[in-house]
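Take a look at the structure set out below.
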Amino acid sequence: MPTSPLQIEILTLFEDNYVYLLFEPGTGTSGVVDPGAAEPVLARLTELGRGLDWILLTHHHADHSGGIPVLRRETGARVVLSKKDVGRVPAIDMAVDVEVGEGDRLAFGDVSFEVLDVPGHTRGHVAFWFPGEEAVFVGDTLFVLGCGRLFEGTPEEMWRSLSKLAALPPATRVYCGHEYTLANARFALAVDPDNPRLRERTAHYEALRAEGRPTVPTTVATELETNPFLRPHDPAIRRALGLEGASDVAVFAELRRRKDGFRG
Ligand code: ZN
Ligand code: FE
């Protein structure tokens with residue numbers, strides 16, 4: 001694996017939100033992904049003696065965007081957000097901020113990232129993929145062993161978005177917007193109980209959480225083996241749902257529907 005020049009630090013906000021601080025030491029470029037609140041981000045930047053150049057926003061929900069007005073005012077950072085979210089987020093200034101969509105490539109100091117449109121959780125949801133760093137920031141689209149709720153999209157859209165993430169190189173590290181892993185594991189085991197890799201990963205995640213450690217990042221390869229929402233083709237999952245002959249998207253839709261009502 002190449003040694004990545006991009007440093008990624010995990011901050012926890014509220015109950016279970018993850019905020020990611022990014023730092024590219026070659027140029028001293030500093031960024032943050034999904035700052036739901038400003039104060040913890042500012043406090044950590046002060047500790048590190050860093051400013052803030054970029055705010056990367058995956059989607060407009062307040063638990064991801066709430067810190068933007070204060071961070072912009074205090075640091076002058078520029079916001080990168082989906083074209084579709086302009087007008088849905090406070091304190092955006094199109095004179096300096098950058099609206100993006102599928103396939104746009106932007107520089108982050110000496111590294112670069114690509115924007116992926118991943119609608120489903122919201123209609124303007126994007127992911128930020130750093131191919132050279134083997135890292136992707138997925139917000140509330142893909143979680144460890146789970147996926148986001150469909151607030152503004154159809155199962156078809158979400159399935160297409162998840163398929164796009166699943167097609168990234170297998171070693172890609174996946175940085176999710178929330179720590180929902182243990183709840184997701186209970187559902188995953190209910191629909192895919194005989195998956196040895198899922199059992200093994202669940203034990204690993206339980207140990208991490210018992211020590212208060214995050215279960216992120218995961219990888220594309222691990223999710224392909226363990227996340228039921230990426231495995232609707234799997235015969236055992238289909239059998240568990242009674243959907244042997246259905247299409248992948250129909251199986252996905254049924255998984256999402258059952259998870260919404262699941263009390264594990
Ligand atoms: Zn959200
Ligand atoms: Fe969220």
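Overview of results
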item	result
The chain: relative contact order in percent, alpha carbon pairs under 8 Å with at least 6 residues between	13 percent
The chain: calculated mean residue ellipticity at 222 nm from DSSP helix runs of at least 4, using -39500 (n - 2.57)	-9500 deg cm²/dmol
Computed magnitude of the charge dipole of the chain (debye, nearest 20; Cβ of K, R +1, Cβ of D, E -1)	580 debye
Accessible surface of the chain, 1.4 Å probe, proportion on carbon and sulfur as whole %	51 percent
Acute angle (nearest 10 degrees) that the helix 155-166 long axis makes with the longest principal axis of the chain, alpha-carbon atoms	70 degrees
Euclidean distance of C-alpha centroids, the range 55-88 and the range 209-244, integer Å	30 Å
Tilt relative to the chain, helix 181-191 - C-alpha long axis, 0 to 90 degrees, to 10	20 degrees
Signed unit charges on C-beta, dipole axis of the chain, positive-most listed residue Ser30, His60, Gly264	Gly264
Relative contact order %, the range 85-184, counting alpha carbon pairs below 8 Å whose residues are six or more apart	24 percent
For peptides 225-235, 57-67, sequence by mean Cβ density within 10 Å, most packed first	57-67, 225-235
Antiparallel bridge percentage (DSSP; both residues within the chain; nearest 5)	70 percent
Between 0 and 90°, nearest 10: helix 39-48 axis offset from the chain longest Cα axis	60 degrees
By accessible area with a 1.4 Å probe, ligands and nucleic acids excluded, highest first: order of Met94, Met158	Met94, Met158
Unit charges at the beta carbon, dipole of the chain: most positive-side option, Leu198, Gly76, Phe14	Leu198
Solvent-accessible area per residue for the chain (1.4 angstrom probe, square angstrom)	41 Å²
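The values are calculated or read from the model by the stated rules, or taken from the named source; none is laboratory data. Note that this is a predicted model, so its numbers are computed, not measured. We place every Cβ from the backbone using ideal geometry, glycine too, and count neighbours over all the protein chains shown. Ligands, DNA and RNA are stripped out before the accessible areas are found, and what is left, the full protein with its side chains, is counted by its heavy atoms. Shrake-Rupley method; radii C 1.70, N 1.55, O 1.52, S 1.80 Å.
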